[in-house]
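Input: a single structure, listed below in structure tokens.
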Amino acid sequence: MSEQKNFNIAVVGATGAVGSQIISLLEERNFPIEQLTLLSSARSAGSVIDFKGEQIVVQEATTSSFENIDIALFSAGGSVSKTFIPHAVKAGAICIDNTSAYRMDADTPLIVPEVNIDHIDQHRGIIANPNCSTIQMVAALKPLYDAYGIESIVVSTYQSVSGSGTSAIKETYRQVQDILENGETKADFFPVSSLPVKHQIAFNAVPQIDVFQENGYTFEEIKMIQETRKIFNDSSLKVTATCVRIPVIAGHSESVYVEFKNEYDLQEVRQLLENAPGIVVEDDPSSQLYPLATNAAGKLDVFVGRLRKDLDNPKALNMWVVSDNLLKGAAWNAVQIAEYIALQK
Ligand code: NAP
Ligand code: 3JN
């Protein structure tokens, strides 16, 4: 029997919402690690994170942090990825990037393991993780795409605040507390912390995630559209999206309306989904069973329910898709990719 190789792993953004989930998963999954390097900005450098009982000191990421690193997982924002990934690749690391920095690059595979792991061999040192809202949608659509072909997708998202990081979670709790205690609050963070106009997130629904593009869509919506086409390798796929932030802490929910190329049988759809890897069907109106963010939070799967035929179009289906955005939407998808790479070595 060949010996298990252990890997030198770096986590960039180790103190963040995504990075801390990556570290927990590496521990829970008993990933074969020789050495774990935890990197952040200068702000958190020196802080200590427990990994399997070992106290690891977080270091400031620099261009020379990647010597001897086999796999580097990045979740510190697009500009950090753009700064450090070229150095990491040069040093010989395979980089799994959670940001949008390289997702649409022709040389960079955009991977959801259950959907298109066959694209991974095209990588030249960088493998991109899609946006969380894209991941859960394409995972749910994959078995149906293969069975019936997809003509068009109309998706509306209900995205939790943890998608915007640890500061966003704190801001939401603060606003809720302010309103409960004083009846009012000041908005400081949403929808986009770097823009001057802010909106209240507590007890609200904000139809803006990321910045607006000239065509009136937000960047989050454009990411969903472009990434879905790339993952399915189908430039003719019609996709439109409306992305909305709601004051849920963890778990993104999506209403997905999909028109297939062919007519379909609803019972067969249910079976295809039940047999698909990483998908759990929760769909029983008689017992009010359907996916809920509160149930999906902390779990690795994508939950699908409210399956129903369009009453006017026999080729179209409505579904409700929920997943933990920090797990399957980010950290778990990245760790799945790392596990796949480790198995190839
Ligand atoms: P977060 O909670 O705000 O954490 C940001 C992390 O990045 C922290 O560890 C921070 O370190 C680190 N960081 C910031 N500037 C840095 C720098 N110059 N050099 C090194 N590290 C730096 O944010 P998050 O929610 O974890 O998200 C982080 C990024 O992951 C996002 O910007 C996005 O690109 C990506 N993301 C992807 C998905 C997805 O859909 N796949 C979902 C969420 C996020 P300090 O503690 O030192 O500040
Ligand atoms: O808002 C969400 O629910 C998901 C956010 C993801 C995100 C946040 C900041 C920057 C991304 C991303 O993964 O697309 C990025 C980015 O890298 O562009």
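The values are calculated or read from the model by the stated rules, or taken from the named source; none is laboratory data. No experiment lies behind these values; they were computed from the predicted model shown. All Cβ positions, even for glycine, are placed from backbone atoms using ideal geometry, and neighbour counts span all protein chains on display. Surface accessibility is based on the protein's heavy atoms, side chains included, excluding ligands, DNA and RNA. Shrake-Rupley method; radii C 1.70, N 1.55, O 1.52, S 1.80 Å.
Would a scan of region 61-75 turn up a residue that is among the aliphatic types (A, V, I, L, M), touching a Ser or Thr at 6+ places or on another chain (Cβ under 9 Å), buried (at least 18 other Cβ atoms within 10 Å of the Cβ) and in a loop (DSSP other than H, G, I, E, B)?
yes
Considering (1) open to solvent by less than 30 Å² (accessible area, probe 1.4 Å); (2) away from ligand 1 (no atom under 11 Å from the Cβ); (3) assigned to a helix (DSSP H, G or I); (4) farther than 20 Å from Phe260 by Cα, say which one Val138 fails and leave the rest.
(4)
Residue under question is Ala91, and the condition is that it be among the small types (Gly, Ala, Ser) and within 14 Å of ligand 1 (Cβ to nearest atom); does it hold?
No; evaluated as a whole, the condition is false for this residue.
Please tell me if Ser40 is hydroxyl-bearing (Ser, Thr, Tyr) and either touching an Asp or Glu at 6+ places or on another chain (Cβ under 8 Å) or open to solvent by 50 Å² or more (accessible area, probe 1.4 Å) (or both).
Taking the combined requirement at face value, the residue satisfies it.
Step by step: first the residues of region 86-98, then only those that are closer than 11 Å to Ser64 by Cα and open to solvent by less than 50 Å² (accessible area, probe 1.4 Å), then the one that is farthest from ligand 2 (Cβ to nearest atom). Which residue is that?
Top of the filtered list is Ala91.
Which of (1) in a helix (DSSP H, G or I); (2) in contact with a Pro (Cβ under 9 Å, 6 or more places away or on another chain); (3) within 15 Å of ligand 1 (Cβ to nearest atom) does Ile127 not meet, given it meets every other one?
(1)
Under 6 Å between Cβ atoms, at least 6 apart or on separate chains: pull out the pairs that start in region 201-225 with a residue that is within 16 Å of ligand 1 (Cβ to nearest atom) and end on any residue that is part of a strand (DSSP E or B) and open to solvent by 60 Å² or more (accessible area, probe 1.4 Å).
Listed pairs, sorted by first residue: Thr218/Phe212.
Of all the residues that make up region 186-224, how many are of a type outside the set (D, E, K, R), assigned to a loop (DSSP other than H, G, I, E, B) and either open to solvent by 40 Å² or more (accessible area, probe 1.4 Å) or touching a His at 6+ places or on another chain (Cβ under 9 Å) (or both)?
20
For region 262-345, which strands (runs of 3 or more DSSP E) that fit wholly inside it have 1 or more residues that are open to solvent by 10 Å² or more (accessible area, probe 1.4 Å) and over 22 Å from Glu114 (Cα atoms)?
Ranges flagged: 302-309.
If you go through region 162-182, how many residues are open to solvent by less than 60 Å² (accessible area, probe 1.4 Å) and either under 16 Å from Ser20 (Cα atoms) or more than 15 Å from ligand 1 (Cβ to nearest atom) (or both)?
Within region 162-182, residues that are open to solvent by less than 60 Å² (accessible area, probe 1.4 Å) and either under 16 Å from Ser20 (Cα atoms) or more than 15 Å from ligand 1 (Cβ to nearest atom) (or both) number 10.
Could you check, for region 36-45, whether at least one of its residues is among the charged types (D, E, K, R) and more than 26 Å from the chain's Cα centre (by Cα)?
no
Tell me whether region 230-238 contains one or more residues that are without any contact (Cβ under 8 Å) to a residue 60 or more places away in the chain, closer than 24 Å to Ser323 by Cα and open to solvent by 30 Å² or more (accessible area, probe 1.4 Å).
Within region 230-238, none of the residues are without any contact (Cβ under 8 Å) to a residue 60 or more places away in the chain, closer than 24 Å to Ser323 by Cα and open to solvent by 30 Å² or more (accessible area, probe 1.4 Å).
Where the second residue is of a type in the set (Ser, Thr, Tyr) and open to solvent by 40 Å² or more (accessible area, probe 1.4 Å) and the first is modelled with pLDDT of 95 or more and lies in region 9-37, which pairs have Cβ atoms under 8 Å and are six or more apart or on separate chains?
Final answer for the pair search is Ala14/Ser20; Thr15/Ser47; Gly16/Thr166; Ala17/Thr166.
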